Structure formats: C-alpha cells, structure tokens
Amino acid sequence: MAKRPSRLLDLPAPQGARKIGLFYVDRAQRALDRLNDPSDAEALHDFRVSLRRLRTNLQAYGAYLSVGVGKKLRRKIRDLAATTGGGRDSEVHLSWLESRRDELSPDEIAGFQALVESLEASREAGYAQAAGGTAARFGKLRQKLERRLGRVEAASRDGGLYAGVSFATAVERVLPAYSAEVDMCLSRVHTIADVGEAHRARIRAKRLRYILEPIASEVEGVEDVIDGLKNLQDLLGALRDAQLLEALAEDRLVDRPPESGVAAQRPGLERVGALLREEQARLFAQVRQSWLGEASGDFFAAVEAVCERLGATHPADIEIERKYLLTELPSSITGRPYRHIDQGYLPGARLQERVRRIRERGGERYVRTVKVGAGIRRAQLEEEADPEVFRALWPLTDGRRLTKRRYRVPVDGLVWEIDEFTDRDLVLAEVELPAVDVVPEIPEWLRPYVVREVTDEAEYLNVNLAR
C-alpha cells in the first residue's frame, strides 16, 4: 500500500494536490489487483471509494491542476466509479436481512427467502458487470492521470506556477464552501420523507470528509470533524439503505400475477417492510437529535476552527481575485446558508485596515484585515480579533461601513462568493484565484446575472462602497 502523503500544508498548492492525486491513483490500482482474489469481498468497494476520493480532491483543487487535469478527465473517473456500484447495494441489503432473520415467524420465511434470493442474484450480476472491463478501462485512465499530473509538477517547478499559494491556503479556501453545502442540505431535511435532501447531505458529507482526510494528522481538530462526518454518513447511509430495501420489498407485492406465488410471500414481505419502517424511524430520530437544526452547531463551529488554524499557521499574504457586477441575487442561491457581515474601515491613506463582525449559525467572530494595493492582485494580512478589540475599533469606522450577506459556492476548485448588500441595492460576485493569469469560467447558474467584470473599477471596491 502506498504511503499516505504527509507534510502537505507547506507545499505549493499544485504539488500538494498532485501528491494526493497520485496516492489515490495508486490506491485504486492496488484495490483493483485484489479483484483476482475471490475471498476478498471488499476489493471492488475499495476501488470505487478510491476513485471517489480521487475525483473529489481533483475537483476541489481543480484551479491548481487545470494545466494537467480538467473536467473531461474527472468525468471519466466519475463514470468508471459509477459502473462499479452494481451489487454493493444488494450486498448491504442482504447483510441487514440476515441480521433480522430470527425475528420472523415460520409463515413469514417464504417471502423473506424470496427477497434474499432475488438480492443474491442482483449482487452476482452486479459484481460480474462491474468487474468486466474495469481493469482495462482503469489502465488507460491511470496512464493519462499520471502523465497529466506529471505536467502539473513540471509547470509548478519550471514556471513558478501559483508561486506563493500554499496547499494550506488552498484547503482553507475550499473548506467553508464544502461545509456550507452539507449545512444547506441538512437544513432542508425536516421529516423522514425528505429522502432526496438527506441523500444529498450524505454525499456532501463524504466530499468534505475526503478533503479533510489527507491533512488529518497535520491540523488539530480535523480528526474530530472526520469522526463527526463518519457518524453522519453512517446514519444517513443506513437510513437510505432501509428506504431502498423497503421499496424493493413493496415492489414484489405490486402488480404480480396470481401464479407468481406472491400470496405465500406476502406475510414475510409485509413483515420485512414493517421492520424497515421501524428501523427508519429509529435512525431518523438519531439524525434529528444529533444533526438537524441547532444540533449541528458545534460540528460546523469545529470546521470553522480548522479553517482558522489553517489561516493562522499558513497565512496567505497575496489576494488574487476577480469581481463581477450582478443584476440580482441568483435564484439558485436562495435557501443557502450565508454569513452576515458588518464591515468597517479605519482612517488611512495607504493602508486599508478593516474590521469585520461575522455572524452565522447563531455565533459571532471578529477579523482584522490590512490590505495594500489595487486591482486583481493585492497584499493582505489577516488575523482573528477578540470582541473587546472589535468594540474598541468599531467606533473609528463611523461613516465608512457596509453590511452584506455572503454566500459561498464551490465550483471546480474555485469558490464563488456572492455578496448581497443589505444597506443598498447591489449584488457582487467575487472569486479568489490561484494566479493572476487565471481567467475563471463563469458557472452556468451565475452567467445570466452577470452585467460585467468590475475588478478594476474603483467604485466597486468595498473600501469605496463603505459609507
């Protein structure tokens, strides 16, 4: 097994992302090699999970890898992972059924066994389909990935690509947005019937976990966040498995001809359905108690603390961003979590010192920032402040303040920040970039709302908007 990469945070962002990519490529290959062992029931699962971890990290840091690994290659990874999922659901369902076999009466065994046999056939067919041609497809994909990731290394070494942007900075930039995605999906789960949003929350939790795992040993608090994500994944995963299996059991009772023997199976299938509904109620009660509403506040505060530690130990001294004027808040943003920001500027000609109060999830934090320069590339120094410092400085900003709601949306390794000003009719979009010469592709959901780029227009600088 390849050794998990370590000491990533101080590396240039492209090199850190490249090391993680190569690690998961190797891990996928080793899992694939185990498919030849019929006693290894986890080989295909480990292969699929390695591909998912690979794709998530390549997407999260796509801005730093665009010279080598683009959307087309990431889609191929996604498609290959999708083809290997057959049979896994059936295997999970079979395991659950066997754990409840002793709870059935003799007249319920026929329906129970018919469901087991159907799932066994689906499992075998799924694994056979998944294994067929997988090695050849991954062999070609691996060659491309290793070659493209090699280009990233060469560009970073020879051309000074993204010089000054550490991998820690790259992680700090993407974490809040990925965390907000989990928060948004959980906020839309209200009852056990919210199946789609619960499933989306689980997928987002996986992606956040995959981003955190490579730095687990380097940043205090990351392992606790990962443990929380595992708990959320397990609960939502078990809930979804129970819902899917209930649907399969119900399907065997519907639209079957008399000669199918369903009448004899009905008691067992109905009993399985009842057990599954009890299981769902139990699991959803745990989800509600631990994760819904205010219950998740401590978890998201822990993610925020990880971001603060990354920023404190590996500060980004250069800010590179582009700014766009929007006609209005994009409709797709509605319902997303946001930060409410009160921002004020202290008097100064050359130095632009600002203080911020950031409110989200019922909590507050305070930040002091000094910026020098204008345009796309500016020097920036930032640090956390305590409430007493904020209260002392805030009166000095009188007449130079603004308020806004900030929404963060991750797209292909970049994080788009949408600022809806609450003290005037104005909406701006900003995206922080890894290098000056990177021109971002405006996402489809944002494109209809863009009036023009205003990066170099002084009137749209926050310091000039403050009043």
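The values are calculated or read from the model by the stated rules, or taken from the named source; none is laboratory data. In this text, all values refer to a predicted model and were calculated from it rather than measured experimentally. Glycine also receives a Cβ, built like all others from the backbone with ideal geometry; neighbour counts cover every protein chain displayed. Surface areas here come from the heavy atoms of the whole protein model, side chains and all, with no ligands, DNA or RNA. Shrake-Rupley method; radii C 1.70, N 1.55, O 1.52, S 1.80 Å.
Here are the numbers for the structure shown:
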| read-out | value |
| --- | --- |
| Condition check for Arg188: among the charged types (D, E, K, R), surrounded by 22 or more Cβ atoms within 10 Å (Cβ to Cβ) and under 26 Å from Arg288 (Cβ atoms) | no |
| Unmet criterion (only one of (1) of a type outside the set (Val, Ile, Thr); (2) modelled with pLDDT under 90; (3) closer than 20 Å to Tyr366 by Cα; (4) open to solvent by 50 Å² or more (accessible area, probe 1.4 Å)) for Pro387 | (4) |
| Leading residue by the ranking (surrounded by the most Cβ atoms within 10 Å (Cβ to Cβ)) among those in region 413-434 that are at pLDDT 90 or above and assigned to a loop (DSSP other than H, G, I, E, B) | Leu426 |
| Filtered residues of region 394-412 (kept if modelled with pLDDT of 90 or more and open to solvent by 30 Å² or more (accessible area, probe 1.4 Å)) | Trp394, Pro395, Leu396, Asp398, Gly399, Arg400, Arg401, Thr403, Arg405 |
| Subset of region 195-240 (residues that are free of Cβ contacts under 8 Å to residues at least 12 places away in the same chain, of a type in the set (Gly, Ala, Ser) and under 17 Å from Cys185 (Cβ atoms)) | Gly196 |
| Matching residues, region 1-37, being under 17 Å from Val49 (Cα atoms), modelled with pLDDT of 90 or more and among the charged types (D, E, K, R) | Asp26, Arg27, Arg30 |
| Matching residues, region 144-175, being in a helix (DSSP H, G or I) and modelled with pLDDT under 85 | Gly150, Arg151, Val152, Glu153, Ala154, Ala155, Ser156, Arg157, Asp158, Gly159, Arg173 |
| Number of the exception - Pro410 against (1) part of a loop (DSSP other than H, G, I, E, B); (2) closer than 17 Å to Leu175 by Cβ | (1) |
| Matching option when the condition is open to solvent by less than 20 Å² (accessible area, probe 1.4 Å), modelled with pLDDT under 95 and outside any helix (DSSP H, G or I), among Val219, Val254 | Val219 |
| Region 435-467, subset in contact with a Pro (Cβ under 8 Å, 6 or more places away or on another chain) and in a loop (DSSP other than H, G, I, E, B), residue least open to solvent (accessible area, probe 1.4 Å) | Leu446 |
| Filtered residue count, region 106-116, keeping only those that are open to solvent by less than 40 Å² (accessible area, probe 1.4 Å) and either part of a loop (DSSP other than H, G, I, E, B) or of a type in the set (A, V, I, L, M) (or both) | 3 |
